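Shown next, in structure tokens, is the structure this report addresses.
Only the coordinates and a few stated rules stand behind these numbers; no lab work does. A quick note: this is a predicted structure, and the numbers were derived from the prediction, not measured. Neighbour counts run over all protein chains shown; Cβ positions are idealised from the backbone, glycine included.
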Amino acid sequence: MSQDMSAIVEILVNEKLVDEQMMDQAMGLAIAAALRARRLSPPNPWVGAVVLSASGEVVGRGSTQAPGGSHAEVAALLEAGESARDGVLVVTLEPCNHQGRTPACTEQIIAAGITRVVVAIEDPDPLVAGSGIERLRSAGLQVSLGTRAAEVRDQLAPYLHQRLTGRAFCVVKTAMSLDARSVARDGTSQWITGPEARVDAHNLRADSQAVIIGAGTALADSPSLNARDADPPATRQPNRVLLDARGRVPATGPLFDQSIAATIVFTTVSADPSAVAAWREAGALVEVVEPQGSGVHLEQVLQVLASKYGVLQAMVEGGAAMHAAFIEASLMDRVVAYVAPTFLGREARLAFDLDGPSTLGDASKWRIADTMLVGSDIRITLDPVVAAEELS
Ligand SMILES: NC(=O)c1ccc[n+]([C@@H]2O[C@H](COP(=O)([O-])OP(=O)(O)OC[C@H]3O[C@@H](n4cnc5c(N)ncnc54)[C@H](OP(=O)(O)O)[C@@H]3O)[C@@H](O)[C@H]2O)c1
């Protein structure tokens, strides 16, 4: 290669590196913008977008608005105005290509005169699934896929899971002592952890569209299940979901107070019709699903929450029997355990009432995704280890 040629190659390589760095940074801004939509956008995904002008300046930022409002791309294009012409759109999720409550984003991107689109990940929703990228390419726009994809996949895990499996993403939360007990010998369980951990758990509620409890917890605690201590405050309260196969829980107390939030009861045909009638009279929505053992069919619960109620993330808040049932059905997608620096002893109730494997080799495998000191407690986040064969 001549000296001139190698100088040109070096310049091109450097330009490519600078461009990659710039798109990487712009995607970082889009990821940050998406976070602002976390509690607002469901059942739509929380997406962030940035518009760069032809000279590379950030001229627009946007995130998904509440359902019926603008998608992130359109919000960013609106802010950019005429400066979007010949510019680049950087967006965390593939733009939609269909008219829903709002017009297709692809057409608005084309009309704004954008020439290049940088996308982190494809949208698995069957209504999109690559068609957004195809439409933009067929209109002559340059489209790339994969910038900071792992981060965006993590950020959108509940949405991606819901669209790929048809089930709500299931987060099990527990507060327990160091010896994994969540109820003391005398039946007291409030509060094992400190105020900071409770605010953190209320943030988790505010990030969820449903909070699920079993009949045992409803009877013992008469909980409200709202995100009253979330910081920042919750924009919407999650649906309160009671799993009561036999109609044991009376339609009274805060759980059935419709001024707090909606209540959905999942039950089976075994429930006494008078209990079902009382739930309905109190304003609760009642779903009759198939039985599973002596309880309700948990997979059907997560499917109905996803398909009928648009729930992306459901949080399971006890008790021990419920936690065990979700683990045994392999329906737990994440565990968030707040561990308090105390011991409650062998007569206190376990946080997970599991039979457990007979031998260590059969123990379920989890990955510690995160640990954090929250006040005087430790929060441990666990994700299931997915077997290689399930990924292929
Ligand atoms: N420290 C904490 O973090 C914490 C959190 C929550 C609760 N708690 C404590 O936990 C205690 C309650 O726990 P618990 O284990 O007795 O009750 P639970 O797990 O709240 O509820 C179990 C009940 O849920 C119903 N259920 C419906 N479908 C089910 C299914 N597929 N699998 C399993 N159960 C199903 C069953 O009643 P039916 O058959 O009648 O439907 C079952 O008896 C309370 O004392 C509460 O204070 C502690």
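Counted by Cβ distance under 9 Å from N203, the other residues give a net charge of -3, where Lys and Arg count +1 and Asp and Glu count -1.
Taking label points 7 Å from Cα along the Cα-to-Cβ direction, V199 and D362 give a separation of 4.5 nm.
Percent of Cα-Cα pairs per 10 Å bin, from 0 to the last occupied bin, for the range 144-221, please list those. Computed distribution, short to long bins: 14, 35, 28, 17, 5, 1, 0. Among the helices of the chain, those built from whole DSSP H runs whose Cα atoms reach 15 Å or more along their own axis and whose mean Kyte-Doolittle hydropathy is at least -0.5 are 3-35, 298-309.
Taking every C-alpha pair closer than 8 Å and separated by at least 6 residues, the mean separation divided by the residue count of the range 213-354 gives a relative contact order of 20 percent.
The stretch between H98 and D86, if pulled fully straight at 0.36 nm per residue, gains 2.0 nm over its current Cα-Cα span.
Tell me, which longest segment in the chain has none of the trypsin sites (Lys or Arg not before Pro) that fall in DSSP loops with at most 10 further Cβ atoms within 10 Å? Between the exposed loop sites, the longest stretch runs 102-345. The slack between M22 and D257, meaning 0.36 nm per residue of separation minus the straight C-alpha distance, is 79.5 nm.
Here Q3 and L145 are evaluated by their C-beta separation; at R0 = 35 Å the FRET efficiency comes out at 0.45.
In the range 158-391, Rg over Rh equals 0.95, where Rg is the alpha-carbon radius of gyration and Rh the Kirkwood radius from pairwise Cα distances.
The radius of gyration of the Cα set in the chain, together with its Dmax, comes out at 24.2, 90 angstrom. The separation of the range 219-245 from the range 310-356, counted between C-alpha centres, amounts to 17 Å. All other residues whose Cβ lies under 11 angstrom from that of A66 are scored, Lys and Arg at +1 and Asp and Glu at -1, for a net of +3. Averaging 1/r over every pair of different alpha carbons in the range 3-155 and inverting the result gives a Kirkwood radius of 15.5 Å.
This ranking places S6, S63, S53 by how few other beta-carbon atoms lie within 10 Å of each, fewest first, which gives S6, S53, S63.
A Förster radius of 25 Å combined with the Cβ-Cβ distance from R236 to Q303 puts the calculated FRET efficiency at roughly 0.70.
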